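**Q** Before I ask anything, let me first share the structure, which is written out below as C-alpha cells.
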Amino acid sequence: MKSKIILIVALVVFMILAGMPLYQQRNFEEKIITGDSVVDVFKLSKYFEPLEGTVQDTNVYELKGEEPGGKVLIIAGTHENEPSAMTFAFFMVENMKVDKGTIYIIPHFNRSGSLGTQAGGGFPLYYDIDTEWGEKVFRFGDRGLQPLDQWPDPDVYVHYPEGQLLSYIDSRNTNRTWPGKANGTLAEQTTYAAMQMIEDEDIDIVIDLHEAETMYPVTNCIVVPEKSKPYAIGTSLFVKGREGFENHVEPSPTGYRGLSHREIGDYSDAYPFLFESPGAHLDQITAGKTVDLIVSGIDPFIMEAEKKGLLFVPYDENGFSMDRRVGQHSSVFQELMSQWSKKNKDKEVIVEVPKYADIVENGLGYYFKNPDEVDEDLVYIE
C-alpha cells in the first residue's frame with residue numbers, strides 16, 4: 001500500500017513538472033508598444049459580441065493618417081507556427097507612420113494557437129529577437145486552435161457554406177474556416193467576426209501573412225484571386241526589380257474552399273492578398289527545431305536539398321533569417337500600397353516604415369523599444 005502511494009505521488013509530481021512549461025507558455029505575456037500612428041486598440045468582439053471573453057477575442061490596432069484614404073486590414077498569426085507574420089505585425093504597430101488612410105493590424109488572429117506549440121513537433125515554446133536592451137521574447141505557437149479551446153474534432157470537417165469536405169484538423173485552422181459561421185465552432189466564429197469587421201469598416205484590402213516551407217512551391221509569393229491579380233503582379237515585378245529578392249504570384253484556387261484569399265474576395269468587396277515568406281523551420285528534413293533555426297533560417301539539410309535542386313526558393317549559407325522574412329513582408333506590403341494608390345486616388349494609402357534593405361542591414365532588434373522604458377500607456381499585452 002505504501003509503495004502504491006509513493007508511486008501515485010511521484011506520478012502527480014511528474015505530471016505537474018511536465019505541465020508547468022506549457023502552463024507558463026499559455027500565460028506568457030508578450031508586450032507590444034504602440035507607435036505614433038496608433039489611435040485606438042480594441043477587441044475583435046467589437047464586430048461579433050459572442051466572441052467576447054473567449055481566448056479568440058484578440059487585439060486589433062488601428063493606425064490612422066492625418067488624411068482619409070483607403071482602409072487596410074493586416075492579419076498575422078493565422079498560423080502561429082509561422083513567426084515572421086507575428087513579428088512583422090509587432091514591428092509595424094511600433095514603427096509604421098501612416099500619412100494617409102487607415103490600417104488595422106491583428107498580431108494574433110488565431111490567439112489560441114499562440115498559446116501552445118505543436119504537440120510532438122519538437123519546436124521550442126518561445127523565440128527571441130536580440131536588441132540593444134536585451135531579448136524580445138515571443139511565444140511560438142501551433143498551426144490551429146489548441147484542443148483545450150476547441151474540441152472534439154469532427155471525423156470530417158464540412159466547410160460552411162460551400163459544403164466541401166476537408167480534413168478533420170481543418171476545423172481548427174483559421175485559414176480553412178472563412179467566411180465563418182455565427183453559430184459555428186470557435187474558429188468559424190473568429191473568421192465570421194473578421195468578415196463582419198471587413199463589412200462594417202468598409203475595408204478595401206485584406207492582407208493575410210504567412211510562411212511556407214522552402215520545399216513547397218507556394219512560397220516567397222503573393223496568393224490572390226482574379227480581382228486582386230493586377231495589383232499583385234505589379235507588386236511582385238517591382239520588388240524583384242528594385243529590392244533584389246525573389247517573389248512571384250500564385251492564383252487562388254476556385255475549387256478549394258475556406259481560404260482567406262478565396263472567401264474574402266468572394267464574400268466581400270475587399271481585395272484579398274496572402275503573403276508567403278520562406279520559413280525553413282517548417283520543412284520536415286531539418287535538423288533540430290531550435291530557436292536558432294527559427295530566427296536564422298540556416299540549416300545544413302536544407303543546404304543539401306538546395307544542391308539537389310529540391311527547393312522552390314534560392315537558398316545559400318545565409319539562410320532565410322527573420323530579418324529577411326520580415327523585411328520582405330515590409331517591402332511587399334509597401335509596394336502593394338503604392339500599386340493600389342496609383343489606381344485608386346480616392347482611396348490612397350501612404351505609409352512610412354523601414355523596408356527590406358534597412359531591416360536586413362540594421363537587424364530587427366534595432367526597431368524594438370524596451371517596454372520597461374516607455375510610457376506604460378503605450379504598452380499592450382498580447
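**Q** Only sites in a loop by DSSP and with at most 16 other Cβ atoms within 10 Å count here; which chymotrypsin sites (Phe, Trp or Tyr not before Pro) in the stretch 251-291 make the cut?
**A** Tyr256
**Q** Give, in whole angstrom and from largest to smallest, the semi-axes √(5λ) of the equivalent ellipsoid of the chain, with λ running over the eigenvalues of the Cα gyration tensor.
**A** 32, 25, 23
**Q** Helix-derived [θ] at 222 nm for the chain: sum -39500 (n - 2.57) over DSSP H runs of at least 4, divide by residue count, nearest 500?
**A** Mean residue ellipticity, 222 nm, calculated: -10000 deg cm²/dmol.
**Q** Further question on the same structure: Please compute, for the alpha-carbon atoms of the stretch 231-382, the extent along each of the three principal axes and give them in descending order in Å.
**A** Its Cα atoms span 49, 49, 32 Å along the three principal axes.
**Q** Given the Cα-Cα distance of Lys227 and Val374 and 0.36 nm per residue of separation, how much length would full extension add, in nm?
**A** Contour length minus Cα-Cα distance gives 48.6 nm.
**Q** Report, in debye and to the nearest 20, how large the dipole of the stretch 280-382 comes out about its Cα centre when Lys and Arg carry +1 and Asp and Glu carry -1 on their Cβ.
**A** Dipole of the stretch 280-382, to the nearest 20 debye: 720 debye.
**Q** Same structure again: Too long at a 29 Å Cα-Cα cut-off: which of Lys181/Lys229; Lys31/Lys343; Lys31/Lys227; Lys136/Lys343; Lys31/Lys229; Lys43/Lys97?
**A** Beyond 29 Å: Lys31/Lys343; Lys31/Lys227; Lys136/Lys343; Lys31/Lys229.
**Q** Could you give me the percent of Cα pairs per 5 Å distance bin for the stretch 133-256, shortest bin first, beginning at zero and ending with the bin that holds the maximum distance?
**A** Computed distribution, short to long bins: 2, 9, 14, 17, 18, 17, 13, 7, 3, 1, 0.
**Q** Take the Cβ-Cβ distance between Leu7 and Phe301 as r, set R0 to 45 Å, and report the resulting FRET efficiency rounded to the nearest 0.05.
**A** 0.60
**Q** From the phi of every residue in the stretch 349-361, what ³J(HN,Hα) in whole Hz does the Karplus formula 6.51 cos²θ - 1.76 cosθ + 1.60 yield, where θ is phi - 60° and glycine or proline is x?
**A** In residue order, the calculated couplings are 10, 10, 10, 10, 6, x, 9, 3, 4, 5, 5, 5, 5 Hz.
**Q** Here's a follow-up. In whole Å, what is the distance between the alpha-carbon centres of the stretch 278-326 and the stretch 102-152?
**A** Comparing the Cα centres of the stretch 278-326 and the stretch 102-152, I get a distance of 20 Å.
**Q** Take the alpha-carbon positions of the stretch 82-203, form their convex hull, and give its projected area averaged over all directions (one quarter of the hull surface) in nm².
**A** 9.7 nm²
**Q** On alpha carbon coordinates alone, what is the Rg over Rh value for the stretch 147-207, Rh being the Kirkwood radius?
**A** 1.01
**Q** Compare the Cα positions of Thr102, Ile5, Gly19 along the charge dipole of the stretch 1-117 (+1 at Cβ of Lys, Arg; -1 at Cβ of Asp, Glu; about the Cα centre) and return the one farthest towards the positive end.
**A** Going by the Cα projections, it comes out as Ile5.
**Q** Using 0.36 nm per residue, how much length does the chain from Asp266 to Lys181 gain when fully extended, once their Cα-Cα distance is taken away?
**A** Taking Asp266 through Lys181 to full extension adds about 29.1 nm, to one decimal.
**Q** Right, here's the next one. May I ask for the net charge around Ala76, where only other residues with Cβ less than 10 Å from the Cβ of Ala76 are counted and Lys, Arg are +1 while Asp, Glu are -1?
**A** For residues surrounding Ala76, the net value is -3.
**Q** Between the stretch 329-365 and the stretch 37-94, how far is it from one alpha carbon centroid to the other, in angstrom?
**A** Distance between centres, Cα-based: 18 Å.
**Q** Defining a contact as two alpha carbons under 8 Å apart and six or more residues distant in sequence, what relative contact order in percent does the stretch 15-168 show?
**A** Answer for the stretch 15-168 is 22 percent.
**Q** How high is the relative contact order of the chain? Use alpha-carbon pairs under 8 Å, at least six apart in sequence, and give a whole percent.
**A** 19 percent
**Q** I want the local charge near Pro314. Using Cβ-Cβ distances under 10 Å, sum +1 for each Lys or Arg and -1 for each Asp or Glu among the other residues.
**A** Neighbour charge sum, excluding Pro314 itself: -3.
Just so you know, all these numbers are worked out from the coordinates, no wet-lab data involved. Quick caveat: nothing in here was measured; it's all calculated off a predicted structure. Cβ: placed from backbone, ideal geometry, glycine included. Neighbour counts: every protein chain shown.
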